[in-house]
Amino acid sequence: MECFPNYNTALEQDPGEWAKAREAEGYSGVVASDHFWVGDKPFPHVWVTLTRMACATDTLKLASSFCNNLFRSPVEFAQASLALNQLAPGRFEAGLGAGWAESEIAGIGWEYPEAKHRAGRFIEALEIVRQLFDHGRCRFQGEYYDIDVPVLGPFDGGGPTLVASAGGPRTRRESIRFIDRIEVFKGNFIRAGAIDFAELAAITDNEVEDLVGEVKTLRADMPIGYFALMAAGDSEVVKGLEAQLGNGFAGGLVGHPEKVAANLARMEGWGISRVQLTELVPGTYTALAPYVNR
């Protein structure tokens, strides 16, 4: 299984040095989030962050996780992705999500769409990006977009791997024909930028396995990733989180690194080939590395 740490340390560490450290620890890839801010922390721009990561590393895979479809046009997303693909050939994966943080959209003075409209706009955006990645051009007319792009580059015959973050049945069902990889997650545990630990603790193994089964029913050969919050180590903070999350799915990803690694391996048996690791406690990635990067 591939484990991709998420650069979610806001502006506290240079992204190039951070990515270089993950490469030295043996991780196969890293991801960069797309936010203006989360809570009281500002975030760096996703494309600048990924560029600095690409320039600082040699073999590490890089992915956007996930670019917010409410922030920008799918044409701009595709153009930036093609440029990153040229800068780091074979290493960059373009991840796109529907957008979820209402406070960010409202805070910049835009209207936050209802869920059905976010989903519809996201699915159309994926179709547009697919055309641009495959052909370097796009003509599309839908409910949300009217696109006529005669040429887009840098294009050398194909774009990077296209990954979708699909949290609901509709987005999983309708996005799958346009993408190369899907990332799923279970539980409405993030509300307005804050983690709902009760929702997180309620997730069961069976629910996660059912998500994988749903995707496999739609497309048997689709590579599947999972978004996981975790904390590894022996500190009192980690032990407190472990007690809070209990013995469910999420609780299995908090605690001693050996325990966390064993539960990640179980997920591979369910059909999950990649896990995006998002640390709840600083130091998790370093503590976990010897157990997952053997």
Inset, instruction - Between the alpha-carbon centers of segment 116-178 and segment 223-265, tell me the distance in whole angstrom. - result: 34
Inset, instruction - Assign unit charges at the C-beta atoms only (+1 for Lys and Arg, -1 for Asp and Glu), then state the dipole size of segment 2-292 relative to its Cα centre in Debye, rounded to the nearest 20. - result: 480
Inset, instruction - Sum -39500 (n - 2.57) across every DSSP H segment of at least 4 residues in the chain, then divide by the residue count to get the 222 nm mean residue ellipticity, nearest 500. - result: -12500 deg cm²/dmol
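Pop the C-beta distance of residue 137 and residue 236 into the FRET formula with R0 = 51 Å and round what comes out to the nearest 0.05.
It comes to 0.35.
Taking every DSSP beta bridge that has both residues in segment 144-234, what percent is antiparallel when rounded to the nearest 5? Present the calculation step by step, with values, prior to reporting the outcome.
On the way: 2 of 8 bridges.
Bridges in segment 144-234 that DSSP calls antiparallel: roughly 25 percent.
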Legend entry - Spin-label pair residue 180/residue 17, simplified geometry with 7 Å Cα→Cβ offset, distance in nm: 3.3
Legend entry - Cα gyration tensor, segment 170-294 - rounded (a/c under 1.5), prolate or oblate: prolate
Legend entry - 29 Å Cα-Cα threshold exceeded, pairs from 216/259; 116/186; 41/186; 20/186; 116/259; 186/259: 20/186; 116/259
Inset, instruction - Kindly work out what percent of the DSSP beta bridges joining two residues of the chain are antiparallel, to the nearest 5. - result: 20
Inset, instruction - Would you look at the GNM of the chain, springs on alpha carbons closer than 10 Å, and say which of 150, 44, 160 moves the most? - result: 150
Inset, instruction - Subtracting the Cα-Cα distance from 0.36 nm times the residue separation, let me have the gained length for residue 218 to residue 28 in nm, one decimal. - result: 65.6 nm
Legend entry - Cα→Cβ-extended label distance, 7 Å offset, between residue 72 and residue 48, nm: 1.2
Inset, instruction - Would you calculate the separation in nanometres between label points at residue 258 and residue 286, each defined as 7 Å from the Cα along the Cα-to-beta-carbon direction? - result: 2.2
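No lab work stands behind these numbers, since they all come straight from the coordinates. Given the structure is predicted, the values throughout are model-derived calculations rather than measurements. Positions of Cβ are backbone-derived with ideal geometry, glycine not excepted, and every protein chain shown enters the neighbour counts.
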